[in-house]
Amino acid sequence: MTFEIPRETNTGKIVEVTLGATAREGGTRSHTVTIGGSAALPFHFFEGNHSHRPVVAMEVFDKAHPKFPDALRDYFGEVLDKPGDMAKKCVSEYGAELISVRLEGTHPEKGNKSAEEAAEIVKQVLGSVSVPIIVTGHSHFEKINQVMKKVCEIAEGENCLINYVETDNYKTIAAACIAYNHTLVAQSPIDVNLAKQLNILLTDMDFPAERIVMDPLTGSLGYGLEYTYSIMERIRIDGLAGDKMLAFPMLVNPGYESALVKEARAEESDYPEWGSTEIRGAYWEIATAMSLLVSGAELLIMYHPKAVEAIKAKIKEMYGSRNGD
Amino acid sequence: MKKKHKVTILPFDTIIEVQPRTNLLDAINAANLPLTAVCGGEGTCGECVVQITSGRYHSKPSAALSDEIVSEGYALACQTFVEDDLTVVLPRFEELSIRSVVDHEFFDERRDLISGIYEVDPPVQKIDLQVEAPSLEDNYSDLKRIERALGKSWPSGNISCEYSVLKKMAYAVRKDHGKISIVLARLGGSRFIIDIFPQSEKKSVCGLACDIGTSTVALHLVDLSTGKFLGTASSYNQQMKCGEDIISRINYSQKPGRLEELHDLIIGTINLLIKKASESAGVPPADIYYAAISGNTTMIHLFLNLNPNYIREEPYVPTINQPPVVRSQDLGLDLNPEARVSCTPAVGSYVGGDITSGLLCTPILLDTEKVFLFLDAGTNGELVVGNKEWLMTCACSAGPAFEGSGIKCGMPASEGAIETIKIDDKGRFGYEVINNAKPKGLCGSGLVDLLAELFVHGFVDRNGKFIERTARNKIVQTENGEGLLIVEGPKSFWGNDIVITEKDIANLIRTKGAIYSACSMLLKSAGLKFHEIDSVYIAGGFGQHLDIENSVRIGLLPDIERAKFSYLGNSSLLGAYLMLLTDKNHSIVNKIADQTTYIELNTEPRYMNEFTGALFLPHTEMDLFPSVKKVFDRIR
Ligand code: FES
């Protein structure tokens, strides 16, 4: 008797979202990156087609977080404060497929950089690398609306991934994305309904579905990852079952989440049994990222070069010769 | 030392003495009376408004009150200083002229369509007797002779007599040559003579049906010989100042002295209403011999001065579900001191006697084939599904929004409340106000209409946020952020704009979401779909009318055939009324309480998911509301 793998067939399919724009499409990127398009659960190659592989982005900063682990400083040294140079290093040395520019320094309590300064940094990064760009903001509504409006304007046509809007603050940024042709991250706090509601609100204002990426707001290993995992899985199952308002590709932040946890940063002298800080942070990030990948993430923003390397290798291994885009 | 001033605060009849030039808000607070000061005495919120009916005072001018209102003696307590003996009314606690939705006619028409029994045979009633005069041959005691006389028309059994009655007996029996009236209480299997008087005194024997809601308290004064209403009164529950929902009340009660305080506040609230109702009916409170009280389990615990703490803590166990009959003097109620007070039995900690009594007004126990849904959209939302053969129930914390609390422009369904609202094609508001008065705010039914109209006319999005494009020229600034203007200041009673803010709308959406999702969970637990329900009975403090179509549009009620819905208003009060009329209803509610299965939503992980799904207009899953979808697609 031969064993047959039971197969689920799905009526729905995840929306394909393309990031970046080449000269032909009105931008200056050397190529675009497309995510989504799956017709089955992650890595269930036996159940349906996965038209695009998950991709790994790395992040640069307008202002490096004071609490970032030393391990990161060892890798990046002084370029940590030079977003353009750091982006270049991420792409050429560590194989980042996209670059996220985190504009935390525009937060009124964290430096209060102006929208113009922020736009200048984004321009710099666009100039230093040719991969598509993600622009990552914060939760100070008034300020981030100003900043993102400006960023959208100066990056017109580049189809950046503007990261993010939330239910209580989406109109201004979404309108700017429509006006200047960018793609948008819809972020909601680990809840299937709230995620769906925001997507409905966006499409109700005629935001094009093929330009929405969801961020289910994940936690890192040891900080609610299990819960995150099951919410993402449910979002994906509903999306595949035909719920169009949940059928968007998902972005996650295992880098940011893991870099700040105590376990990744604690001094080796304080916790000798935890092993070297040099690699501990990478392990933490790998465990987080891998779980998120298996629960449905298509776009991972990561920090630790070793973790990036490991996750990229794993994706390659799992996909093998499938869909080599 | 300067002479102190006497400040009399109505409707509480509290008198305090204060130094000249004392701030009135401080004085009222010192008297421990429930006046809220949202802005902390800044003179901007208008919450501390009082009416001063006599005496001199000095008030700083404030934008929160119009000149017209000021000329009628209204003032902000926080901006007012006492310069004389004053009489001050707290308008928020004056009687609420809430009319009940149904009355005798309702029962006359539906005698056979309700689970309760509608007949006048109260467990406490006046019985006229002819007591034979004693003689040397018949030298039985007065009490024995009364028992003998009673035995003729009322089959004998143990009869006890209260001590206070014995003291009046010799006089009463002899005054009219043996023609006496006794007040007999037949409750819980025993019989008590609780009063006696000569027939010539022609006293009426009255009863009180009372609903203790978390937010409002309402009662009917009833003639126990005919069952007719003699008077009705309602007001806010004075406990409101100690927290809006039952959980915060329970928390409040946990400090020393606080349980007593809450108990005193509810007794005080009821006594004030008794005074109103008995004055308007011309019946002295001493003629009230029986009270049937219904309320949720926490309210009943506080009413009986029992510690409610264990209702809140897992495994959520109350002290008692089926309270015994108590005497009014033990509680401090202003009734006849020997009056008996009985409370309707509860199913559990979160499904109280307000529900079991409400069910008496529905046909839920008459049928074994049909399935009924009963929902009480009170501050503590409670639901029951089933029929004669099975009943399931659950509760949810809905909040007091539909009773007019926690919403800036909200108010109970009393005079001045906007009870219906329509928006026309040009975006203009049309509304009806209770008693055709100048509008003061919106009651529950008005708020349901408002939200539905704002939604279907595209003023708010599905998340309840204003849509710039359409709402722009109605937006005004308030201290709670942007608000949508409903009635302009000069047209309103208080002279202030009546406005709804996004925060208010979020509050309404939370409330309707809690109720809908609890319904949906309850039905799922019973393995039913909404369309399989044959009738839905809705209770709550919305006001006289509840627009079913609009309730569906906002996702409060499920999108099923409209003819299946009936709105009952305060069914807890009506149930208490039935309990007053005959004790047979007591056995019915006891049976309901015993045979109902309680589903605990707090421990049900799926509830949270149902709830967040319902926090949208009408719901995250528009497919659950096909008729609303049609309307929505058309307007878009
Ligand atoms: S307390 Fe706000 S106006 Fe008096």
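For this structure, a couple of remarks:
- For residue A:242, the criteria (1) over 27 Å from residue B:612 (Cβ atoms); (2) assigned to a loop (DSSP other than H, G, I, E, B) hold in every case but one, which is (1).
- Criterion violated by residue B:500 - all others in (1) away from chain A (no Cβ under 14 Å); (2) farther than 30 Å from residue B:357 by Cα; (3) at pLDDT below 95 satisfied: (3)
- Residues in region A:105-123 that are acidic (Asp, Glu) and open to solvent by less than 10 Å² (accessible area, probe 1.4 Å): none.
- Annotation note: of A:22, A:9, the sole residue that is over 21 Å from the mean Cα position of the chain (by Cα) and free of Cβ contacts under 8 Å to residues at least 40 places away in the same chain is A:9.
- Tally of residues being open to solvent by less than 10 Å² (accessible area, probe 1.4 Å) and within 20 Å of the chain's Cα centre (by Cα) across region B:308-327: 1
- Where helices (runs of 4 or more DSSP H) fall wholly inside region B:528-604, the ranges with 2 or more residues that are closer than 30 Å to residue B:450 by Cα are B:548-553, B:571-581.
- Residue pairs whose Cβ atoms lie under 9 Å apart, sitting 6 or more positions apart in sequence or on different chains, and linking a residue in region B:586-612 that is more than 14 Å from every other protein chain (Cβ to nearest Cβ) to a partner that is of a type in the set (A, V, I, L, M, F, W, C) and loosely packed, with under 14 Cβ neighbours inside 10 Å, are B:595/B:390; B:596/B:390; B:597/B:390.
- Residues (farther than 18 Å from residue B:621 by Cβ and within 11 Å of chain A (Cβ to nearest Cβ)) located in region B:445-466: B:458, B:465, B:466
- Residue ID - surrounded by the most Cβ atoms within 10 Å (Cβ to Cβ), chosen from residues in region B:31-50 that are more than 6 Å from the ligand (Cβ to nearest atom) and on the phi > 0 side of the Ramachandran plot: B:32
- Residue match in region A:264-278 (condition: within 25 Å of residue A:134 (Cβ to Cβ) and either part of a helix (DSSP H, G or I) or open to solvent by less than 40 Å² (accessible area, probe 1.4 Å) (or both)): yes
- Hey, residue A:174 under 17 Å from residue A:35 (Cβ atoms), under 19 Å from the mean Cα position of the chain (by Cα) and within 14 Å of another protein chain (Cβ to nearest Cβ) or not: no
- Being of a type in the set (Lys, Arg), open to solvent by 20 Å² or more (accessible area, probe 1.4 Å), away from the ligand (no atom under 13 Å from the Cβ) and modelled with pLDDT under 90 is true of residue B:2.
- Members of region B:335-385 that are open to solvent by 10 Å² or more (accessible area, probe 1.4 Å), touching a Gly at 6+ places or on another chain (Cβ under 9 Å) and over 22 Å from residue B:569 (Cβ atoms): B:371
- Looking only at residues of region B:471-489 that are of a type outside the set (A, V, I, L, M, F, W, C) and under 22 Å from residue B:512 (Cβ atoms), we find that the one that is farthest from the other protein chains (Cβ to nearest Cβ) is B:483.
- Qualifying positions in region A:177-200 - farther than 22 Å from residue A:99 by Cα and either open to solvent by 40 Å² or more (accessible area, probe 1.4 Å) or away from chain B (no Cβ under 14 Å) (or both): A:179, A:189, A:190, A:194
- Members of region A:30-62 that are under 19 Å from the mean Cα position of the chain (by Cα) and either charged (D, E, K, R) or outside any loop (DSSP other than H, G, I, E, B) (or both): A:33, A:34, A:35, A:53, A:55, A:56, A:57, A:58, A:59, A:60, A:61, A:62
- Applying the condition of being free of Cβ contacts under 8 Å to residues at least 60 places away in the same chain and open to solvent by 40 Å² or more (accessible area, probe 1.4 Å) to region B:613-635 and asking which residue is farthest from the other protein chains (Cβ to nearest Cβ) yields B:630.
- Scanning region B:202-225 for residues that are surrounded by fewer than 24 Cβ atoms within 10 Å (Cβ to Cβ), out of contact with any Lys or Arg (no Cβ under 9 Å at 6 or more places or on another chain) and hydroxyl-bearing (Ser, Thr, Tyr) yields a single hit, B:215.
- Applying the condition of being in contact with a Phe, Trp or Tyr (Cβ under 9 Å, 6 or more places away or on another chain) and of a type in the set (Gly, Ala, Ser) to region B:51-77 and asking which residue is nearest to the ligand (Cβ to nearest atom) yields B:64.
- All strands (runs of 3 or more DSSP E) inside region B:367-418 with 2 or more residues being of a type in the set (Gly, Ala, Ser): B:380-386, B:391-397
- Flag if residue B:532 is within 13 Å of another protein chain (Cβ to nearest Cβ) and either within 30 Å of the chain's Cα centre (by Cα) or surrounded by fewer than 19 Cβ atoms within 10 Å (Cβ to Cβ) (or both): no
- Within region B:459-490, considering residues that are assigned to a strand (DSSP E or B) and polar (S, T, N, Q), the one most open to solvent (accessible area, probe 1.4 Å): B:477
- Among the residues of region B:19-30, those that are surrounded by fewer than 19 Cβ atoms within 10 Å (Cβ to Cβ) and either more than 13 Å from the ligand (Cβ to nearest atom) or within 14 Å of chain A (Cβ to nearest Cβ) (or both) comprise B:19, B:20, B:21, B:30.
- Any hit, region A:312-322, residues being of a type in the set (Lys, Arg) and assigned to a loop (DSSP other than H, G, I, E, B): yes
- Looking at region B:167-251, the strands (runs of 3 or more DSSP E) lying wholly inside it that each contain 1 or more residues that are within 30 Å of residue B:140 (Cβ to Cβ) sit at B:179-187, B:190-198.
- The set of residues in region A:66-104 that are surrounded by fewer than 20 Cβ atoms within 10 Å (Cβ to Cβ) and out of contact with any helix residue (DSSP H, G or I) (no Cβ under 8 Å at 6 or more places or on another chain) comprises A:66, A:77, A:78, A:81, A:82, A:91, A:92, A:104.
- First in region A:298-315 and closer than 23 Å to residue A:137 by Cβ, second anywhere and of a type in the set (D, E, K, R), Cβ under 6 Å, 6 or more apart: A:301/A:59; A:304/A:285
- Residues that are open to solvent by 10 Å² or more (accessible area, probe 1.4 Å) and either without any contact (Cβ under 8 Å) to a residue 60 or more places away in the chain or within 14 Å of chain B (Cβ to nearest Cβ) (or both), drawn from region A:201-218: A:203, A:204, A:205, A:206, A:208, A:217
The values are calculated or read from the model by the stated rules, or taken from the named source; none is laboratory data. It should be emphasised that the depicted structure is a prediction, and the values quoted were computed from it without experimental measurement. Note that each Cβ is placed from the backbone with ideal geometry, even for glycine, and that neighbours are counted across all protein chains shown. Protein only, heavy atoms only, side chains kept; ligands, DNA and RNA dropped before computing areas. Shrake-Rupley method; radii C 1.70, N 1.55, O 1.52, S 1.80 Å.
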